[in-house]
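The values are calculated or read from the model by the stated rules, or taken from the named source; none is laboratory data. What you see is a predicted model; the values in this text were computed from it and never measured. No Cβ is skipped: glycine too gets one built from the backbone with ideal geometry, and neighbour counts run over all protein chains shown. The accessibility values were calculated without ligands, DNA or RNA, using every heavy atom of the protein model including side chains. Shrake-Rupley method; radii C 1.70, N 1.55, O 1.52, S 1.80 Å.
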Amino acid sequence: MKLMKTGSRKPMVRAKKPRGRVALSAALSGVAAVATLGMIGAPVGAGGYDTSSPLGAAPSVSAPLTSSVTTPTATWAVVLMGKNDGFNLFWQLFTFDAASGHWTLVTPPGVADNGGLSVATGASGGNLLVGFETSQALKFSPLALTANGGIDWSPGGLEVPLVAVPSAVALGSGTHAVALASKGTQSEIVARSGDLTSWSPLVTGRYLAGVPSGRTCGVSSISAVTIDPSGIVLAGVSCRRPGIAGVLLDSDAPWHLAPIPVSGGLLDDTFAPIRLSTVGTTVEGLFAAGNGKGTNLVATWAPDDTRPWLVSPPLALGATGHVVAAGTGSGSTQFALVRTGASLRADVVDGPGERWYALPPLPASTATVAFEPNGQVTALTVDDTHFASWQLTADGGSWAEVQTVKVPIAFNSSG
Amino acid sequence: MQGMNSAPVTTGNSLIVSTFESSLSHQLAIVLVVLVVLVVAWNVWRGVQFRRAMAERRADPLDEARTQERPARLPEPTARRILRIGFGLIWLFDGLLQAQSSMPVGLTNQVIQPAASGSPSWVQHLVNSGVIIWNNHPIQAAVASVWIQVGIGVWLLVAPRGRWSRTGAMVSIGWGLVVWSFGEAFGAIFAPGLTILFGAPGGVVFYCIAGGLIALPERWWSRPRTGRSILLGSGIFLIGMGILQAWPGRGFWQGAVRGHQTGSLVAMVDSMSTTSQPSFLSSWVSSFGSFDASHGWGVNLFAVIALLGIGAAFCTGRRGPVRIAAWAACILCLADWVLIEDLGFLGGLGTDPNSMIPMALIFVAGYVALVQAPSTAEASTRDEETREPFGTRLRDNPGYALRSLAALAAAGVVLLGAAPMAFASTNPTASPIVTEASNGAPDVVDSPAPGFDLTDQNGRAVHLSDLRGKALAITFLDPVCTTDCPILGQEFRLADEALGSAASHTEFIAIVANPIYRSTFYTNAFDKAQGLNKLSNWLYLTGSVAELDKLWQVYGAEVTVSPAGAMVNHSDIAYVINPDGRIRYIMSADPGAATSTTKSSFAGLLDQQLTSVISS
């Protein structure tokens, strides 16, 4: 099965090469290294990076698993529910069906999900790939795939654990899928090569750190993965060199940095991806940018592969703010829930060229917000086994509960 | 998972307690039988001796006169006797304390490990190595502790002099060092908060010191220098402890601060007062605690002055000050023993009366040795006595012969405890009783095993009938389980590795217990994660949902899919099937606490049953 569309695309780089090509690869790498050295000191500009700036530390960011994503026909939300004692917190998957107008619990059965869920939508709104993060004695990651909005699930799996990030799995068209796997201290992107239990190595973090663009960026880890509408795999990486929002893609040229423009005060910040996903025809990403004094959030979009990437204005989190949920809404909307001390706020940016704005104060116990396919924003609250959705009142200043779901959590089932 | 979260084995577990008591009773019967045999042998031997003596007297009438003229032996030095009898009784008492029913399970996790918790990691590592051996063989270890200590106590009591007595003393030193290191974490001398008031440096240190003094040649007790040396050592020890007690910042100079924070002494006394004990004793202890809370500074000042003063008096070596200091020391030791150490042995898991009584005995022995030092002439007489050949003494001194026999019997009692434990400690597999105590004994049955036609992890078809001629261990495992199943897999692997040559006659089988994640991908992933792929006699079988469901029902696996992110629920159960295809044992496979002991114990129990069906 071809993983790429035919045409002018070059074959994907494999992690392992036949011995006879090692010398050739070394020579080419040497040429690339010389070329890279020659570019050091080149002015920062469109398509270029200031490689003279020293490598810093990638910002310490935890990408939250709590999220929601919106497709033209459905919205999916991942929230954590239960009691915080022992192993009694379970991740739940809900879906909002535009036709029915209701939220439904559709957590894939058969595996304990105390470790977390990573989800990715497909081209069709009813498609969703779910990855189970490992927990306790489970040392590899089962997967589950639905094509009918969570009514039925097909089992799959990786022989290794998934990296515990929200964008650890990605769906393309047809059977195209990739996952971000953890192999010891390294991460690796693997691509589906048969049924949902057959996966082949695509590229490792170590390899990406060694390619010219990877060295330019100072790749420290792969933190997100997605597949764009044309089937190109994009890797969101943490960069140790400031001023670079790291998305590497293997398209016209082998693994090169996406031209994400960074300017102004963010040039001194190092970037780490929080999430990366493809919604419709647009690749959307959310990055944390920091310089030790404070953290900013930056949303990015690649409308399609012919137009340049676009970035939002930075959203300042301050010294103590941290993201507890993030996701995408209808159209090009992205959001982040930011907790600063005891306060929680939801910040939204509706697309390229727009500014961030805050939603009205959220209901107590809000886990995340979600956008219905028609654009209506919903706050999702969780309390032990109770899930509720809230919508803004007519005046837009407060929230009213519209639906509750009692979740039959099997407490103490995980030890 | 059914059977999950089963409570760990408690100190009052009926199986453990009954087995422990039964083992003690059986061994007591052995001891009594041996004693009876020895008594009979003694009487026979005495009878032979008497007839021989009568024959010799008729042959040589003067021999009786010469026998009657032999001078009486010098008595045992009083100081030595104080130590020997005092510590003999203490060892005997400690041995009887070890016979408390809670010892097999409670001693390690409620006494030994908490005692080591404040010590450096190397101490905890050492203590844990002993804890593992005890936990793996709780009955043998608890019984061994009883007989070794009872044996040492009896040995010291019945063998007053000579080689037997000194050998007994040496054995007490050896066992004392074992207890001090593995059982008391070196008396917590490496942990913060060290104080003589709480028992530092560990009561058993004084047992070892006493053993060393008893093991000295008797002529040493004829010299005042011995008494002075004991007192000098005691004095230096007390002065050191006094300085430590006076050290600021250790919490002993305060009672209760503003009624909230408590000093170290008050905290210890308060905790001791809650121990299960007679109410009058508890009220004394808590009253002292209240007194110290109000007068903590004064109490500690008194303790410091007492320790320094008594220590200094001991160091002088002069009779007058030493006499006063010895009395004061005994009174203070008694007070500390009651009011702070709370007698040391109450609560169901007390192993000894703590340090004050043994320490007081050392002080008294030192004082007596100082004031009752005999003459030089007596010292040389003692030297001559010890040179008398052993055989001559046996023949000519019936009392000595009797005591030698008694000492031999006591040594046998020590061996009765030590030998089985030493042998058990070389067995890395824990005793099956640990599993039986938490999961119950396996059910013994005899019924045909329901057949199956499934697929192994390599995609090969496997039928139960193909496995005739081998003993089978079968369980049900969910390949994507997060808790019990990986542990069960490890236990099966341990059982296989411990079977040795019998493994070639055995097959270990798991059947998938998940209707969704059941393909060979998951069985292989599970095997790889648990190291089961390296076993040549391991099968992880799967099949269609219908095939599996039928097996789950007939084998009682009770597999159910739970919603909302829970894992599949199923019974933790294992079957042992004999080579003729008949189920012979059904056992609960709940891994419980999943410690190295419980895993090893389950593996041992499984091996026991597999071996029995192979050999039957």
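With (1) touching a strand residue (DSSP E or B) at 6+ places or on another chain (Cβ under 9 Å); (2) within 14 Å of chain B (Cβ to nearest Cβ); (3) under 22 Å from residue A:198 (Cα atoms) as the list, and residue A:139 as the residue in question, which single condition is left unmet?
(1)
For region A:223-233, check the following and say yes or no: at least one residue is closer than 27 Å to residue A:292 by Cα, open to solvent by 10 Å² or more (accessible area, probe 1.4 Å) and not acidic (Asp, Glu).
As a first pass, look at region A:223-233 and keep what is closer than 27 Å to residue A:292 by Cα: A:223-225.
Right, trim to open to solvent by 10 Å² or more (accessible area, probe 1.4 Å) and you get A:223.
Those still in the list that are not acidic (Asp, Glu) too: A:223.
Yes, because at least one residue in region A:223-233 is closer than 27 Å to residue A:292 by Cα, open to solvent by 10 Å² or more (accessible area, probe 1.4 Å) and not acidic (Asp, Glu).
With the requirement that a residue be outside any loop (DSSP other than H, G, I, E, B) and within 14 Å of chain A (Cβ to nearest Cβ), what does region B:572-603 give you?
If the condition is that a residue be outside any loop (DSSP other than H, G, I, E, B) and within 14 Å of chain A (Cβ to nearest Cβ), then B:599 is the only one that fits.
Of the conditions (1) away from every other protein chain (no Cβ under 14 Å); (2) at pLDDT 95 or above, residue B:522 satisfies every one except a single condition; which number is it?
Against the list (1) away from every other protein chain (no Cβ under 14 Å); (2) at pLDDT 95 or above, residue B:522 comes up short only on (1).
Inside region B:476-512, can you point out the residues that are hydrophobic (A, V, I, L, M, F, W, C), under 32 Å from the mean Cα position of the chain (by Cα) and open to solvent by less than 10 Å² (accessible area, probe 1.4 Å)?
Within region B:476-512, the subset hydrophobic (A, V, I, L, M, F, W, C) is B:476-477, B:480-481, B:485, B:487-488, B:492, B:494-495, B:498-499, B:502-503, B:508-512.
Next, from what is left, pick out any that are under 32 Å from the mean Cα position of the chain (by Cα): B:487-488, B:492, B:494-495, B:498-499.
Passing the criteria: B:488, B:492, B:495.
Of a type outside the set (D, E, K, R) and closer than 17 Å to residue A:158 by Cβ - does that describe any residue in region A:253-262? First the steps, then the outcome.
If we filter region A:253-262 for residues that are of a type outside the set (D, E, K, R), which is where we start, we get A:253-262.
Narrowing further to those that are closer than 17 Å to residue A:158 by Cβ: none.
No, every residue in region A:253-262 fails to be of a type outside the set (D, E, K, R) and closer than 17 Å to residue A:158 by Cβ.
Which number in (1) crowded, with 17+ Cβ neighbours inside 10 Å; (2) more than 38 Å from the chain's Cα centre (by Cα); (3) farther than 30 Å from residue A:115 by Cα marks the one condition that residue B:577 misses?
That leaves (2) as the condition not met.
So residue B:568 clears everything in (1) more than 26 Å from residue A:161 (Cβ to Cβ); (2) within 11 Å of chain A (Cβ to nearest Cβ); (3) crowded, with 23+ Cβ neighbours inside 10 Å except one condition, right? Which one?
(1)
In this structure, is residue A:167 in a loop (DSSP other than H, G, I, E, B), among the small types (Gly, Ala, Ser), under 18 Å from residue A:67 (Cβ atoms) and more than 8 Å from chain B (Cβ to nearest Cβ)? Let's see the steps before the verdict.
On the way: in a loop (DSSP other than H, G, I, E, B): yes; among the small types (Gly, Ala, Ser): yes; under 18 Å from residue A:67 (Cβ atoms): yes; more than 8 Å from chain B (Cβ to nearest Cβ): yes.
Here the answer is yes, as residue A:167 does meet what is asked.
Those residues that are open to solvent by 40 Å² or more (accessible area, probe 1.4 Å) and in contact with an Asp or Glu (Cβ under 9 Å, 6 or more places away or on another chain), I need them from region B:190-200; list them, please.
Answer for region B:190-200, where residues must be open to solvent by 40 Å² or more (accessible area, probe 1.4 Å) and in contact with an Asp or Glu (Cβ under 9 Å, 6 or more places away or on another chain): just B:198.
Which is under 30 Å from residue A:338 (Cβ atoms) and either surrounded by fewer than 24 Cβ atoms within 10 Å (Cβ to Cβ) or acidic (Asp, Glu) (or both), of A:268, A:252?
Details: A:252 fails: under 30 Å from residue A:338 (Cβ atoms).
It is A:268.
I need the full set of residues from region B:50-65 which are modelled with pLDDT of 70 or more and of a type in the set (A, V, I, L, M), in order please.
Within region B:50-65, the subset modelled with pLDDT of 70 or more is B:50-60.
Those that are modelled with pLDDT of 70 or more and of a type in the set (A, V, I, L, M): B:53, B:54, B:55, B:59.
Does region B:5-24 contain any residue that is at positive phi and at pLDDT below 85? Break it down into steps so the answer makes sense when it comes.
Going through region B:5-24, the residues at positive phi turn out to be B:5.
Now narrow it down to the ones that are at pLDDT below 85: B:5.
Checked against the condition, which is being at positive phi and at pLDDT below 85, region B:5-24 yields at least one hit.
Identify all residues within region B:311-360 that are surrounded by fewer than 15 Cβ atoms within 10 Å (Cβ to Cβ) and either closer than 30 Å to residue B:103 by Cα or not assigned by TED's automatic domain parsing to the domain that holds residue B:90 (or both); write none if there are none.
Taking region B:311-360 as the starting set, the residues that turn out to be surrounded by fewer than 15 Cβ atoms within 10 Å (Cβ to Cβ) are B:318-320, B:323-324, B:327, B:331, B:334-335.
Residues satisfying the conditions are B:334, B:335.
Only strands (runs of 3 or more DSSP E) wholly contained in region A:332-415 count here; list those with 3 or more residues that are more than 21 Å from the chain's Cα centre (by Cα) and over 30 Å from residue A:294 (Cβ atoms).
The strands (runs of 3 or more DSSP E) meeting that bar are A:386-392, A:399-406.
With (1) surrounded by 15 or more Cβ atoms within 10 Å (Cβ to Cβ); (2) within 23 Å of residue B:172 (Cα to Cα); (3) at pLDDT below 75 as the list, and residue B:368 as the residue in question, which single condition is left unmet?
(3)
I'd like the full set of residues that are away from chain B (no Cβ under 13 Å) and surrounded by 15 or more Cβ atoms within 10 Å (Cβ to Cβ), limited to region A:194-204. Don't jump to the end; show me each part of the working.
Residues of region A:194-204 that are away from chain B (no Cβ under 13 Å), as a first pass: A:200-204.
Residues satisfying the conditions are A:201, A:202, A:203, A:204.
Can you find a residue that is open to solvent by less than 20 Å² (accessible area, probe 1.4 Å) and not in a helix (DSSP H, G or I) anywhere in region B:119-139?
yes
Which number in (1) more than 14 Å from residue B:541 (Cβ to Cβ); (2) open to solvent by 20 Å² or more (accessible area, probe 1.4 Å); (3) in a helix (DSSP H, G or I) marks the one condition that residue B:466 misses?
All conditions pass for residue B:466, except number (1).
Which one is farthest from residue A:104 (Cα to Cα), of the residues in region A:372-408 that are within 14 Å of another protein chain (Cβ to nearest Cβ) and open to solvent by 20 Å² or more (accessible area, probe 1.4 Å)? Show your work before the answer.
First pass over region A:372-408, keeping only residues within 14 Å of another protein chain (Cβ to nearest Cβ): A:382, A:384-387, A:405-408.
Going one step further and asking which of them are open to solvent by 20 Å² or more (accessible area, probe 1.4 Å), we end up with A:382, A:384, A:386, A:405-406, A:408.
Working: A:382: 14, A:384: 17, A:386: 13, A:405: 8, A:406: 10, A:408: 13 Å.
Applying the filter and picking the extreme gives A:384.
Assess whether residue B:474 counts as being touching a residue at least 40 places away in the same chain (Cβ under 8 Å), within 27 Å of residue B:615 (Cα to Cα) and β-branched (Val, Ile, Thr).
Details: touching a residue at least 40 places away in the same chain (Cβ under 8 Å): yes; within 27 Å of residue B:615 (Cα to Cα): yes; β-branched (Val, Ile, Thr): yes.
Yes.
I need the full set of residues from region A:85-136 which are more than 21 Å from the chain's Cα centre (by Cα), of a type in the set (S, T, N, Q) and within 11 Å of chain B (Cβ to nearest Cβ), in order please.
Selection gives A:88, A:136.
For region B:142-170, which residues satisfy the criterion of being out of contact with any helix residue (DSSP H, G or I) (no Cβ under 6 Å at 6 or more places or on another chain) and β-branched (Val, Ile, Thr)?
Initially, region B:142-170 is screened for residues out of contact with any helix residue (DSSP H, G or I) (no Cβ under 6 Å at 6 or more places or on another chain), giving B:145, B:160-163, B:165-167, B:170.
If the condition is that a residue be out of contact with any helix residue (DSSP H, G or I) (no Cβ under 6 Å at 6 or more places or on another chain) and β-branched (Val, Ile, Thr), then B:167 is the only one that fits.
Can you confirm whether residue A:149 is open to solvent by 30 Å² or more (accessible area, probe 1.4 Å), more than 14 Å from chain B (Cβ to nearest Cβ) and more than 28 Å from residue B:530 (Cβ to Cβ)? Talk me through it step by step, then tell me what you get.
Values: open to solvent by 30 Å² or more (accessible area, probe 1.4 Å): no; more than 14 Å from chain B (Cβ to nearest Cβ): yes; more than 28 Å from residue B:530 (Cβ to Cβ): yes.
Here the answer is no, as residue A:149 does not meet what is asked.
Table: residues versus (1) under 22 Å from residue B:487 (Cβ atoms); (2) touching a strand residue (DSSP E or B) at 6+ places or on another chain (Cβ under 8 Å).
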| residue | (1), (2) |
| --- | --- |
| B:545 | no, no |
| B:557 | yes, yes |
| B:569 | yes, yes |
| B:574 | yes, yes |
| B:586 | yes, yes |
| B:591 | yes, no |
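Checking the structure you have, find out if any residue of region B:344-351 is modelled with pLDDT of 60 or more and not in a loop (DSSP other than H, G, I, E, B). Can you show your working first?
If we filter region B:344-351 for residues that are modelled with pLDDT of 60 or more, which is where we start, we get B:344-351.
Still in the running and not in a loop (DSSP other than H, G, I, E, B): none.
Within region B:344-351 (the criterion being modelled with pLDDT of 60 or more and not in a loop (DSSP other than H, G, I, E, B)), the answer is no, since none of the residues qualifies.
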